[in-house]
Amino acid sequence: MSRTFHIRTATQADIPALRALMTDAIDRLQTGFLSPAEIAASHAIMGLDTQLIADGTYYIAETDDAERTLAGCGGWSRRATLFGGDHTAGRAPALLDPAQDAAPFRAMYTNPSLARQGIATLILAHSEAAARTAGFSRGTLAATLAGAPFYRRHGWGDEVPFQADAGEIAIPLIRMTKRLQ
């Protein structure tokens with residue numbers, strides 16, 4: 001049986017479920033790309049940025065059935081922070097200028113039990129369209145090693161590897177960009 005999903009804007013009431021989904025996705029979907037120590041340390045640099053919810057630029061994909069299962073989440077930002085949750089050091093809440101700056105695409109997570117069903121594609125397409133509507137012609141993101149192949153398939157490139165400091169462990173990430181128009 002094929003499932004269908006719908007997108008809606010996340011609300012403050014969704015925060016507990018989003019945090020649980022993110023923890024599960026980090027722990028399960030990074031396996032094979034990061035060591036167990038790197039996966040554990042990833043929680044220091046990944047997670048929910050509630051500013052995205054407050055700004056109305058964070059979305060949830062749910063199953064189109066009576067259960068409305070949280071299938072995934074992600075979004076984009078008008079702000080300078082490239083990655084990380086509320087707890088991540090180095091956040092930059094300054095507003096970006098769509099005429100000059102690239103919109104950061106942020107915090108894309110899929111429910112591990114529903115992976116590879118088009119959920120991330122749906123959220124990314126919705127987010128790209130919303131950023132274009134807001135006047136952004138370019139996007140940027142910090143991809144995990146697990147996520148980079150997905151973004152490549154969707155036209156993201158200009159890859160610049162870097163490492164994010166997660167305490168005593170550095171987490172490998174890849175900065176990627178895309179023209180949105």
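Values quoted throughout were computed directly from the atomic coordinates according to the rules given, and no laboratory measurement underlies them. Not measured: the values here are computed from a predicted model. All Cβ positions, glycine included, derive from the backbone under ideal geometry; neighbour counts span all protein chains shown.
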(message) Looking at Gln100 and the list (1) over 17 Å from the mean Cα position of the chain (by Cα); (2) without any contact (Cβ under 8 Å) to a residue 24 or more places away in the chain; (3) surrounded by 17 or more Cβ atoms within 10 Å (Cβ to Cβ), which single condition is not satisfied?
(response) (3)
(message) Please go through segment 60-89 and give me each residue that is more than 10 Å from the chain's Cα centre (by Cα), closer than 15 Å to Met22 by Cβ and either surrounded by 24 or more Cβ atoms within 10 Å (Cβ to Cβ) or of a type outside the set (S, T, N, Q) (or both), ordered by number.
(response) Ile60, Ala61, Leu70, Ala71, Gly85, Asp86, His87
(request) Identify, from the list Ala120, Ala148, the residue that is farther than 15 Å from Ile26 by Cβ, under 17 Å from the mean Cα position of the chain (by Cα) and surrounded by 15 or more Cβ atoms within 10 Å (Cβ to Cβ). (result) Ala148
(message) Condition first: outside any helix (DSSP H, G or I) and polar (S, T, N, Q). Now tell me which residues in segment 1-23 satisfy that.
(response) Ser2, Thr4, Thr9, Thr11
(request) Please enumerate the residues belonging to segment 51-84 that are assigned to a strand (DSSP E or B) and closer than 24 Å to Gln163 by Cα. (result) Cys73, Gly74, Gly75, Trp76, Arg79
(message) Consider segment 1-27. How many of its residues are more than 13 Å from the chain's Cα centre (by Cα), closer than 17 Å to Tyr58 by Cα and basic (Lys, Arg)?
(response) 1
(message) Would you confirm whether or not segment 114-126 contains a residue that is in contact with a Leu (Cβ under 6 Å, 6 or more places away or on another chain) and either of a type outside the set (A, V, I, L, M, F, W, C) or free of Cβ contacts under 8 Å to residues at least 40 places away in the same chain (or both)?
(response) no
